[in-house]
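Just so it is clear, none of the values below were taken in a lab; they were calculated from the coordinates. As the structure is a computational prediction, the values presented were derived from the model and not from experiment. For neighbour counting, all protein chains shown are included, and Cβ atoms are generated from backbone atoms with ideal geometry for every residue, glycine included.
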């Protein structure tokens, strides 16, 4: 039966799908927002300001001022309540609110007292996170300060959308470069034919001693070779340039996953390793939705793996004449799930459950993975039995 104490917006699946469409990389957003978190503290007179994004399992702090925070479990946060409504949430004294009085950031020495959170709305009712200000003293904000904070929150959302738009533009430019390479391939055939024909005519013409014709043919030959060399340069340039903004290779993908999810594993005392399958390590591929897919699988595996267990992630890229295929395999030594539960999860009808360390479950993370994989024309398979751990394997076709 579902845990009724868990805080879940009524449109949770729609909310996390909207968040996944932004395709955010939580490891490199700080510089885009640090001016806004600083401004929020100056406007409100508080000591701390955070911009928090909340996905299926985790609250990600993409920018902070006055507190060094990168992430925390969603169920530990105050902002999980802020995203439940389109209205701001104000708590004058966290010690007096039973939802927060026992949290470590309240009860520890020098703990937090005041909280004011403004939902970050992509559109009405779709709150992907919160801009919040906090302080170690009991406070209250004036209407003027609240109005300014709302303007800052709106600016955060505009920047999130702008970052996404720039990513899409970068992807289109990359596709244009691919078209350029294909065009180079297309002209190589005709050019090679021209050169071959000119050489054949040149051989025949030499026997007839037609000096003027030979001179013209020689010029055609040289021009054709120059164009062929130019085409080769275009192709070589594409192979030598660094990764585009919308691309990963296997080592970079691995580094991102370790940076994002190793803290969660260490907190749970679960061993997390990311392994690269041999071959094609430097070959680029689209990063579209990869962090959302792999991240939800890893967070889910950590959640259902007991202390002392392990989570293994294998990343591989296979290439043949017909396709380039990315494989993500996440294997855990957790509690496992039965066949009926697997099907319920993948169609978005899973009941909320608790993890092995008491973590709250939201029943939507794996449904999101299924949705994203399907949207990318990929496949997902699950092998699991109760008490024997679980293995998720995702295969995603990539452009050659």
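Taking Rh as the Kirkwood radius, which is the inverse of the mean 1/r over Cα pairs, what is the Rg/Rh value for the stretch 135-175?
On the way: Rg = 17.2 Å, Rh = 12.8 Å.
That ratio equals 1.35.
Under 8 Å for C-alpha pairs, at least 6 residues apart: give me the relative contact order for the stretch 12-165, rounded to a whole percent.
Values: 279 pairs, mean separation 38.3, N = 154.
Relative contact order of the stretch 12-165: 25 percent.
Calculate how large, on average over all directions, the projected area of the Cα convex hull of the stretch 273-342 is; give the answer in nm² to one decimal. Intermediate values should be presented prior to the final figure.
Working: hull surface 24.6 nm².
Taking a quarter of the hull surface, the average projection is 6.2 nm².
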TODO: Would you please put 26-33, 94-101, 258-265 in order of how densely packed they are, using the mean number of other Cβ atoms within 10 angstrom per residue and starting with the highest?
DONE: 258-265, 26-33, 94-101
- [ ] Please compute the Cα-Cα pair-distance distribution of the stretch 247-301 with 5 Å bins starting at 0, giving whole percents from short to long.
- [x] 4, 18, 29, 24, 15, 8, 2
- [ ] Over 22 Å, how big is the tail of the calculated P(r) for the stretch 3-112, in percent of all Cα pairs?
- [x] 36 percent
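Before anything else, pin down the relative contact order of the stretch 36-116: Cα pairs under 8 Å, at least 6 apart, normalised by residue count, whole percent.
Details: 106 pairs, mean separation 14.7, N = 81.
This gives 18 percent for the stretch 36-116.
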